[in-house]
Structures are given as C-alpha cells and as structure tokens.
Amino acid sequence: RELVVGMPRIHVLDLSGCYNLSDAVLDTGFNRDLPDLRSINLSLCKKVTDNSLGRIATHCKNLENLDLGGCTKITNTGLLLISLGLKSLRSLNLRSCWQITDTGISHLAGLDGKARDAQPPLVLETLVLQDCQKLSDDALGFLARGLPTLRRINLSFCASITDTGMISLARLAAVEELNLRFCDNISDIGVGYLAEGSLGLHALDLSFCDRVTDGALAHIASGLFNLKSLAMASCMVQDEGMAKLAKTLLDLDTLNVGQCSRITDRTLICLADNLRKLRSIDLYGCSNVSAAGINYLRERLNLSNINTGLWLQTEA
C-alpha cells in the first residue's frame, strides 16, 4: 500500500516471487486509479486470486503488460475481468495457471456474450499459455476468432493440443513466434496446417514433439520461408528432411537440432553450403556427427555459437 500511495505515477510494479502476497494486501494498494501504471508482474504470487484481478482491471485501465505466471488460484473468472477492464493490454503471461480452461480463453477473446455491448476487443500481441494443462483445441479456435492481433503465442507443455488446433492457429495471420515445445500430440500433419497459413512465422519451436519427422520438414520447407529461428530438439528428423529445409529457409539464423541422433555430417555439409545467414546452431546429443563435420560448418559459416555438449557451449 505504501509503495502505490507514495508513487502514484508509478509505471512498472514488479512483485514477482512475493509468495505471501495476498488479495487483502493488494486491495489496499489497488484502491485508487493508477493511470500511469503500464506493467505489473505478479508471477509466483500463489495466494493471489481473481479478486485482485478485479481490482487491477478497475484501477489500472492503461496497463499493457501483466504477468500472472504461476498464480495457480486464477480462474476463468479472472480472465473475464481482464477482458472487460484491461483494453490496453498487449502482453499476458498465464504460465502454469492450471485452473484456466477453454471457457477462460473464450472470455479473454470476448466470445462469451456477457457484458459485451459496445466493448472493443483486446489487442493482445503476446500470450503465454505454457503448462495450462486443461486447454484443448477449442481454446485455439477462440484465439483465432477473437484475438487476431496476436503475434507471439507460447503453448509449450499444453499436452491436450493436437494437430486439429493448428488449423485455427494458421488463421492468425499476424503470428510471428509460436512455441509448441513438448506438445506431444503435434505431428507432421499439424505442421502441414501451419505451413499452409502461418506464412509470417519468424520463430517456431517444435522441440520434444516426438511425432515430428522429415514430413514436417518438407512442409516447413515448402511454406514457412520467413523462418529465422527453428528449434526441433529431440525430433525424429533425418538428413533427407534437413536437406529439403536447407534449400529454402535461406534467412535462417538460429537452428536447434539437439538430440536429433539420426542426423549425420551430411546435414552439416548441406547446412554449411546453403544457409549462409546461420549464426547459431545447437548440436547437443547429435551422436552421429563428427568433428570433421563440425569443422566444415565452422569454416564456411560465420557462426557465433555452436553447442556440442550438455554443458559445453563454445564460441565458433
């Protein structure tokens, strides 16, 4: 309370990791309008509930960034309050908000029909839904219908997301960064859907999606020409797929193929001969590449970083 009262024109409030911070404490601080406040970080404030979000939505109308990562008591009602009150919000982090379901995402997207008359939609650009285990493909449909301004989406560890959901994501034309790390039900089929519609993607993370194979690389090579960063750690890819990728992703800057044990020096030679803009590559756990292949890569590319081991990260 003293902080907010003493600094009424505060722009950024970081309370992350304040585990004992409760709604009662926040109520005393957010009991007046704070028009200059642009960013609030409440990550890991595990006692915070929807009640605090109601206060924030009422008194922080110009808020642009809200981090609720690890706030496990936040529910769908909290997302309704956010959608109704924080119309300037650009970035929202809901990592590990385990009570959030598809209904909450429909609230966030303004599709529930409650109190929506003359209400403009949110203009969110960044949405982190990492480890929101209750979300399904329906949530992605709500995002596509109600939040067309999204540019960055993190769905890592959302185990119930499937290939079908990628059809919805492909309709979000503004998306530039997509994280699907550890989304176990994403396969080559889903990547194919993305390659048909998500043509503006600059960064894609498919790491530990063990159903992703050379078929996905063929889709990426035929449609996602603007990729600058691609992560496929522990995916089931081989030299043939990497060869297709190297011939078309000419703007690729960062590549992670760590633990892709099927690739060999053939891949490194192909990358070195084609991807002239490549600056960083992760080869950790690639047991079938040799020192000769790595040296070939180093000699032909202006690499700033090569990772060849679990902890060893050497400058090129």
Residue, nearest to S96 (Cα to Cα), within the range 32-76, restricted to residues that are in contact with a Gly (Cβ under 7 Å, 6 or more places away or on another chain), open to solvent by less than 60 Å² (accessible area, probe 1.4 Å) and outside any loop (DSSP other than H, G, I, E, B): N76
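Given the criteria surrounded by 18 or more Cβ atoms within 10 Å (Cβ to Cβ), part of a helix (DSSP H, G or I) and either touching a helix residue (DSSP H, G or I) at 6+ places or on another chain (Cβ under 6 Å) or touching a residue at least 24 places away in the same chain (Cβ under 8 Å) (or both), does A233 qualify? Quick ask: steps written out before the conclusion?
Details: surrounded by 18 or more Cβ atoms within 10 Å (Cβ to Cβ): yes; part of a helix (DSSP H, G or I): no; either touching a helix residue (DSSP H, G or I) at 6+ places or on another chain (Cβ under 6 Å) or touching a residue at least 24 places away in the same chain (Cβ under 8 Å) (or both): yes.
It is false that A233 is surrounded by 18 or more Cβ atoms within 10 Å (Cβ to Cβ), part of a helix (DSSP H, G or I) and either touching a helix residue (DSSP H, G or I) at 6+ places or on another chain (Cβ under 6 Å) or touching a residue at least 24 places away in the same chain (Cβ under 8 Å) (or both).
Could you tell me which residue of the range 77-101 is surrounded by the most Cβ atoms within 10 Å (Cβ to Cβ), considering only residues that are among the basic types (K, R) and over 16 Å from L135 (Cβ atoms)?
If we filter the range 77-101 for residues that are among the basic types (K, R), which is where we start, we get 87, 90, 95.
Adding the requirement that they be over 16 Å from L135 (Cβ atoms) leaves 87, 90.
Details: K87: 16, R90: 18.
That would be R90.
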Tally of residues being under 22 Å from Q238 (Cβ atoms) and of a type in the set (F, W, Y) across the range 153-192: 1
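Quick one: which residue in L178, L92 is of a type outside the set (D, E), farther than 22 Å from I82 by Cα, at pLDDT 95 or above and part of a strand (DSSP E or B)? Write out each step before concluding.
Working: L92 fails: farther than 22 Å from I82 by Cα.
On inspection, the qualifying residue turns out to be L178.
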Filter result for S168 (surrounded by fewer than 18 Cβ atoms within 10 Å (Cβ to Cβ) and more than 15 Å from the chain's Cα centre (by Cα)): no
Selected residue (criterion: most open to solvent (accessible area, probe 1.4 Å)) from residues of the range 191-215 that are in a helix (DSSP H, G or I) and not aromatic (F, W, Y): E196
Residue among R279, R262, R300 that is farther than 24 Å from V212 by Cβ, free of Cβ contacts under 8 Å to residues at least 60 places away in the same chain and surrounded by 15 or more Cβ atoms within 10 Å (Cβ to Cβ): R300
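The values are calculated or read from the model by the stated rules, or taken from the named source; none is laboratory data. Everything quoted here is computed from the prediction, not taken from an experiment. A quick note on method: Cβ atoms are made from the backbone with ideal geometry, for glycine too, and the neighbour counts reach across all protein chains shown. Accessible surface is based on the protein model in full, side chains and every heavy atom, while ligands, DNA and RNA are left aside. Shrake-Rupley method; radii C 1.70, N 1.55, O 1.52, S 1.80 Å.
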